[in-house]
Amino acid sequence: MDKVLGIVSGKGGVGKTTTAINLGLVLNNFGRRVVVVDGDLLKPNIGAVLGVKLKEIKNHTIHHAVKNNKKLDEIVYVHSSGLKFIPGDHTDSSIKDLNKEVFEDMKSSELIILDTPPGFGEDTRAAIRICDAVLVVVTPEEASIQAGIKTINIAREEKVKITGIVLNRKREGSYGKTEIESITGIPVIGEIIEDKSFEEAAYNRHPVTYYYYDSSVTDGYKALAAKLLGEKYEGIQDKKERDSPINKILKKLGFKPLNL
Ligand SMILES: Nc1ncnc2c1ncn2[C@@H]1O[C@H](COP(=O)(O)OP(=O)(O)OP(=O)(O)O)[C@@H](O)[C@H]1O
Ligand SMILES: [Mg+2]
């Protein structure tokens with residue numbers, strides 16, 4: 001697996017930070033040594049989403065590391081779920097001053113998930129440049145998909161691998177996996193439904209995969225994590241089908257199981 005995986009989008013507000021945190025959390029639960037790093041230094045959000053206050057985190061921020069040449073291993077913070085992360089603060093530092101070696105030097109993690117800023121400016125480009133690969137988050141709207149394509153082109157210019165697209169806020173009646181794949185030419189490797197559980201989890205200051213650990217939303221992140229690891233994942237729906245009494249009987253009789 002690539003060491004630094006950037007979560008990118010182009011359009012703002014499509015779910016980059018949400019994807020970075022929840023993907024990190026499920027990968028951590030899968031036993032992977034992962035750390036989620038806030039790479040949006042202008043408006044860092046990881047700490048707030050994980051419910052930590054700035055005065056608690058003190059020098060455990062990416063801004064502090066950039067300014068003071070700190071090793072990232074020394075400033076990793078741990079959420080109550082066990083997820084390791086490095087948040088930002090609101091002092092003046094730029095991602096342009098962060099070089100790739102600081103990630104390569106990290107011994108505590110095999111994977112760094114880097115949340116990145118939206119847009120197509122120098123900060124976004126600098127964040128993409130320090131990644132080994134990127135995951136492009138799009139929502140099922142024309143503007144988001146077109147912005148995703150622009151970001152894909154930036155990644156190509158910077159010679160950074162494009163691992164795939166995550167379709168976030170998936171819903172009936174809008175662009176789906178096949179259409180997005182044919183428009184962008186990039187495989188959609190994760191699909192996360194639009195759901196009110198995100199708002200409820202946020203209200204309780206926890207990531208949705210921690211607050212609703214056994215939901216179809218969490219299942220979506222687990223399937224994405226398994227795909228990244230190249231492992232097979234049996235989701236809630238697959239389990240339901242396998243365990244249903246009617247399907248057990250049909251299987252015994254040699255018939256195809258029903259899609260429940
Ligand atoms: N699948 C979803 N269903 C419902 N709400 C969602 C979903 N994904 C994300 N959200 C909500 O959308 C809002 C924006 O998400 P997020 O902050 O992750 O976007 P972002 O791309 O990081 O934004 P920015 O570009 O400003 O950094 C948050 O309130 C989040 O809880
Ligand atoms: Mg964000």
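What follows is calculated from the coordinates using simple rules that are stated; it is not laboratory data. Because the structure is predicted, anything quoted here is derived from the model rather than measured. Please note: Cβ atoms are built from the backbone with ideal geometry, for glycine as well, and neighbour counts cover all protein chains shown.
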Original post:
Which of the aspartates and glutamates could a cross-linker span from Lys43 if the Cα-Cα distance has to be under 12 Å and same-chain partners fewer than 8 positions apart are dropped?
Top reply: Asp89, Asp92, Asp115, Asp123
**OP:** Could you list the trypsin sites (Lys or Arg not before Pro) in the stretch 72-142 that lie in coil according to DSSP, counting only those with at most 15 other Cβ atoms within 10 Å of their Cβ?
**Re:** Lys100, Lys107
Subject >> Between the stretch 38-82 and the stretch 184-205, the alpha-carbon center distance in angstrom >> reply: 23
**OP:** Mind pulling up the Rg/Rh value for the stretch 63-102? Radius of gyration and Kirkwood radius, both on Cα.
**Re:** 0.99
**OP:** Quick one: which residues, 5+ away or cross-chain, put their amide H under 5 Å from the amide H of Leu41? H built at 1.01 Å from N.
**Re:** Ile95
Original post:
Based on the alpha-carbon gyration tensor of the stretch 1-139, what equivalent-ellipsoid semi-axes (square roots of 5 times the eigenvalues) come out, in whole Å, largest first?
Top reply: 18, 17, 15
Original post:
Under Stokes-Einstein, with the Kirkwood radius over Cα pairs standing in for Rh, what whole-number D in µm²/s applies to the stretch 130-260 at 10 °C and 1.306 mPa s?
Top reply: 94
Original post:
Rounded to a whole number of µm²/s, how large is the Stokes-Einstein D of the chain at 25 °C and 0.890 mPa s, given Rh as the Kirkwood radius over C-alpha pairs?
Top reply: 129
Original post:
Quick one: Ser215, Ser93, Ser182, fewest Cβ neighbours within 10 Å first, how do they rank?
Top reply: Ser182, Ser215, Ser93
**OP:** Mind running the shape call on the stretch 1-80? Use the C-alpha gyration tensor, a ≥ b ≥ c as the square roots of the eigenvalues: rounded below 1.5 for a/c, prolate if a/b tops b/c, oblate otherwise.
**Re:** rounded
Original post:
From the cross-link list Lys84/Lys177; Lys196/Lys251; Lys16/Lys159, which pairs have alpha carbons spaced over 27 Å apart?
Top reply: Lys84/Lys177; Lys196/Lys251
